[in-house]
1. Which value in Å does the Kirkwood hydrodynamic radius of the range 158-438 take, with 1/r averaged over all unlike C-alpha pairs and then inverted?
2. Assuming R0 = 45 Å, can you tell me the calculated FRET efficiency for the pair residue 382 and residue 216, based on Cβ-Cβ distance, to the nearest 0.05?
3. Multiply the residue separation of residue 177 and residue 275 by 0.36 nm, subtract the distance between their alpha-carbon atoms, and state the gained length in nm to one decimal.
4. Could you work out how much longer the chain between residue 305 and residue 244 gets when fully extended? Use 0.36 nm per residue separation minus the Cα distance between them, nm to one decimal.
5. Between residue 257 and residue 332, what length comes free when the chain is fully extended (0.36 nm per residue of separation minus the Cα-Cα distance, one decimal in nm)?
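Readers should treat all values here as calculations from the given coordinates under stated rules, not as data from a laboratory. Just so you know, these numbers come straight off a predicted model, no measurement behind them. Note that each Cβ is placed from the backbone with ideal geometry, even for glycine, and that neighbours are counted across all protein chains shown.
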């Protein structure tokens, strides 16, 4: 019960006591204005005064404490919303003061009903205008109890989503870094096969499923829908075009030379290609199920600023130990390579996250991830640019799968993709508008 309701309730009690005093003193006989007003609405003030006094007291009580119901089996003019508003308070005060001027309504039931119906209609119109106005205070928050409760629920949901994102980040990094430490201690990635790397890639996805069951958050925001076909084209075409540009730049800078594998040897590599592509799809889906299927939706729904950047930073941190100390790249400065790798991962995260959010499908992000790994880590260096050049030491840091060229090109691709999608939506809106005018 609010302070306003308590204050107004006390006012009603004082008013009731004062009205009883006036009734006992028979004010309608000694005070001429009261006698005149009473004569307009009642022929027997003494008979109807007690009934009317109780009726108005119950009406004011309902306005003060937010009770639903009727005063003397009559509808409250300010409605039975269960909340005390300024409108209900003003209505009760006006009715109470008018009643007091007539010595607390001493009206017959029929005349009282007609008067109450008139007051109800006036209050109904005022209430409609009151609710049509924006009900916000100076600080931008709603003054109504319902708006406040909705905002509290929204804030609670955002806090819940943020908390789930934090739990996922901590758990994913702790488990994955422990697994990566095991690989580093035992000689690095060179001593482990592709199956171990795929198992590491599946940790975020498996963890996200476990958290959804533990936290009972459901699977509604994962993005298991198929989505539109054009986004799958983007997911494959963008990495393919970027790897062609990187290959051309690498050949022009003499980092690697164009020397494709002969067709006879390519036919022998067919089973290897299929196995690498299949395992790559599994690993990419395992990662994307965690990063873009759990973390990104929780960051977005939690109201986190720059969710693409946060997701990219977490993704880059997840790779950090293995890149810096696991011998993933043959370089003398593992920390510098980890920094360059992180820039490439963040740029890729922006593009993959945009594809995920635009399409509404985690499958699109998984296809884009798998296409990048296949083109940059296997197809180009193993099948096309097979001969090292005079600057081959720059391959990993400049033209590799996450080198500086890759970071710049993915950032440009992200900007272009956003422009193309927004332009396509503009054309769709124009077409819909033109069709509506034709109809």
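1. Over the range 158-438, the inverse of the mean reciprocal pair distance is 19.9 Å.
2. Details: r = 45 Å, r/R0 = 1.01.
The calculated FRET efficiency here is 0.50.
3. Values: separation 98, 0.36 × 98 = 35.28 nm, distance 2.65 nm.
Result: 32.6 nm gained on full extension.
4. Numbers: separation 61, 0.36 × 61 = 21.96 nm, distance 3.40 nm.
Contour length minus the Cα-Cα distance gives 18.6 nm.
5. Full extension from residue 257 to residue 332 adds 24.7 nm.
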